[in-house]
Amino acid sequence: MPEPVIASVGASPIGRTDLPGRDLFSIALAEAFDGLPDPAELVEAVYVGNQSESYEHQIMHGTLLAEWAGLRHVPAERVEGCAAAGALALRHAVKDVRNGDHEAVLACGVEKMTSAGTSGATDALSAAFDRAIEQRSGVTAPSQYALLAQRYLHETDATERDLAEIAVKNHANAARNPRAQFPKEIDVDTVLESNPVASPLKLYDCAPVGDGAAAVLVTSAELAEDLGRPQVRVAGSGASANNIAVAERDMTDIAGARIAAETAYEEAGIDADAVDIAEVHDAFTVCEALLAEAAGFAPSEMGYQSYLDPAKRADGWTDVRLSPSGGLKARGHPIGATGLLQALEAYEQLTGAAGDRAVEGADTALLLNEGGVADAVTVGHVLTTAEGAR
Amino acid sequence: MTDLDASDPRTLPGFFDALAEGELLGGVCADCGQVLLPPRPACYACGSRAVDVEPQSPGGTIFSYTEVHAAPPAFAADAPYTVAVVELADGGRLLGRVDADYADVAIGDPVELTVQEPTAEQREAALDYEADWPVHRFELR
Ligand SMILES: [Zn+2]
């Protein structure tokens, strides 16, 4: 079977922009194809991660973005899974290459979240909740995650200050990431004193609303070699749905994410402790704690120590570095693009292109991208340049 | 299941018709006992499609809770308000509004499900087929 690799990446600026989604995509695509033949000479299929048609009153993103890339008469489709749409697009591209269906597939993602203000984004995101019970009870994305956070704080020794420290750590990482929406350091009091959004979560516990696009070129290893591109192998991919309603899940064992990660590890032939860096779905600070446990990096109830230096964490923690990009919290979270921005960070880290945020010696990364509330759907990928890993 | 119609409580119209009469119906898996709220054709815990429909006790306890500050448009006039996940006495878990201030709620507090007509704002935000569906809430006991 051909071995799928990431051969190139690109992204638009992230945050509040004056450009519609298709134009953000054009920027991301131009970066990804800088120094490569035109997309029409390489790309055989397109998958687009996109959360909601309500931001731009536009569906048909497969057709639209293929056209804007100069591609015609290729299979092209939008992939939907709320905030996991980007990683789902990547997963489809990887499978197509691995199956030998295509030699080069474009996985991209785009979201124009700022088009209708905060209330527009709140409304668009609420469509990811169960309509019958959850939406009709007036919940919001922050309040859904606050239910997880409240329960996590109840069951563990974690405090609101610990969650705040996760935000502080991710802002510190973003301060060294030129792509970040908020490349600035903050202190823990800034988080703790920020406005309550959905108690116990405060404004600085929450990833921002923003626009953005990302493009990831997945090819066979052979084609990437021919193109002379640094390549990162996609050694494992896993995905798992869980109940749509938060109430019906285990709210502190994020089982869908655990299964997605374990499936990706198994496919890659590695254990959690082989992972050097992880881009996890920290849409809210508590997610990083929960996902550190689900990914097998931290013992149960200890995930909140993700902000500590590896040497200071509890026994049983691996030495993984979480969210070196700054995570969703500070790098930014343009929903449909997020899973591909995670892949972009891992590609740059593993190919020596991460500048002064490079994690020394890193050769293996886990990506965990979630959609809906927490693990309503989770997609996990293992990316590696290590010899030996599959 | 081929005879499923809108009077069947395993459909949403059937579930909400019963709720409007004050009866909370749950699916109960005949194979593993999992309670499913609302009822549905298959059990998420074990995959069985042998799901019975049984009345559920309205009593329960707070499992987790929060306060919504920035509310969706249809609920903006009520903000801030309390929302909780409630563990019902018969084992199911259900999310809903709580008629109490956030500061007065704690995990483990006993609550009881009540059923209300949709408000004018909720009717405004409803899809055609949802317009008469009641809305459940929880009261502290
Ligand atoms: Zn069952």
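Worth pointing out:
- Look at the stretch A:114-121: the mean tally of other chain Cβ atoms within 10 Å of its residues' Cβ atoms is 1.
- Applying both filters, DSSP loop and at most 13 other Cβ atoms within 10 Å, to the trypsin sites (Lys or Arg not before Pro) of the stretch A:183-265 gives A:LYS184.
- More than 14 Å apart - percent of Cα-Cα pairs taken over the stretch B:1-56: 47 percent
- Convex hull volume of the protein assembly as shown per residue (C-alpha atoms, cubic angstrom): 150 Å³
- Cα extents of the stretch A:285-332 along the three principal axes, largest first (Å): 31, 19, 13
- Using only alpha carbons, the stretch A:148-218 has a radius of gyration to Kirkwood radius ratio (Rg to Rh) of 1.05.
- Summing charges over neighbours of A:ALA116, with a neighbour being any other residue whose Cβ is under 13 Å away from its Cβ, gives -3 when K and R count +1 and D and E count -1.
- Interface burial for A against B (accessible surface, 1.4 Å probe, total of both chains, Å², rounded to 100): 2800 Å²
- Think of it as helices only: each DSSP H run of n ≥ 4 in the protein assembly as shown is worth -39500 (n - 2.57), and spread over all residues that comes to -8000 deg cm²/dmol at 222 nm.
- Dipole of the stretch B:57-141, positive end: most advanced residue of B:THR119, B:TRP133, B:LEU94 [Cβ charges, Cα centre]: B:LEU94
- Selection from A:TRP317, A:ALA84, A:TYR204 lying farthest towards where the dipole of chain A points positive, charges on Cβ: A:TYR204
- Here the dipole of chain A is about 740 debye; that uses its Cα centre as origin and unit charges on the Cβ of Lys and Arg (positive) and Asp and Glu (negative).
- Heavy-atom accessible area for B:ASP78, with the other protein chains in place and a 1.4 Å probe, reaches approximately 70 Å².
- Residue pairs, from the table A:LYS169/A:LYS202; A:LYS169/A:LYS312; A:LYS95/A:LYS329; A:LYS202/A:LYS312, whose Cα atoms sit over 21 Å apart: A:LYS95/A:LYS329; A:LYS202/A:LYS312
- Net charge contributed by nearby residues that have their C-beta within less than 10 Å of A:GLY296 (K/R +1, D/E -1): -3
- For the stretch B:57-141, the carbon plus sulfur part of the accessible surface works out to 48%, probe radius 1.4 Å.
- Euclidean distance of C-alpha centroids, the stretch A:14-38 and the stretch A:111-171, integer Å: 29 Å
- The stretch B:82-121 and the stretch A:353-375 have their alpha-carbon centroids 38 Å apart.
- Ordering of A:90-102, B:98-110 by packing is A:90-102, B:98-110, highest average first (other Cβ atoms within 10 Å, averaged per residue).
- Counting only protein heavy atoms and using a 1.4 Å probe, the accessible area of B:ARG40 comes to about 60 Å².
- Peptide A:242-252, shielding by other chains (average Cβ, 10 Å cutoff): 4
- Probe 1.4 Å, accessible area per residue of the protein assembly as shown, Å²: 37 Å²
- Computed on the Cα trace of the stretch B:61-141, the radius of gyration divided by the Kirkwood hydrodynamic radius gives Rg/Rh = 0.98.
- GluC sites (Glu not before Pro) within the stretch A:299-386: DSSP coil, no more than 11 neighbouring Cβ in 10 Å: A:GLU360
- When its C-alpha radius of gyration is set against 2.2 N^0.38 Å (N residues), the stretch A:194-320 gives a value of 1.25.
- Dimensionless Rg over Rh [chain B; C-alpha; Kirkwood]: 0.99
The values are calculated or read from the model by the stated rules, or taken from the named source; none is laboratory data. All values reported here derive from a predicted model rather than from experimental measurement. No Cβ is skipped: glycine too gets one built from the backbone with ideal geometry, and neighbour counts run over all protein chains shown. To get the accessible areas, we keep the full protein, side chains included, count just its heavy atoms, and leave off ligands, DNA and RNA. Shrake-Rupley method; radii C 1.70, N 1.55, O 1.52, S 1.80 Å.
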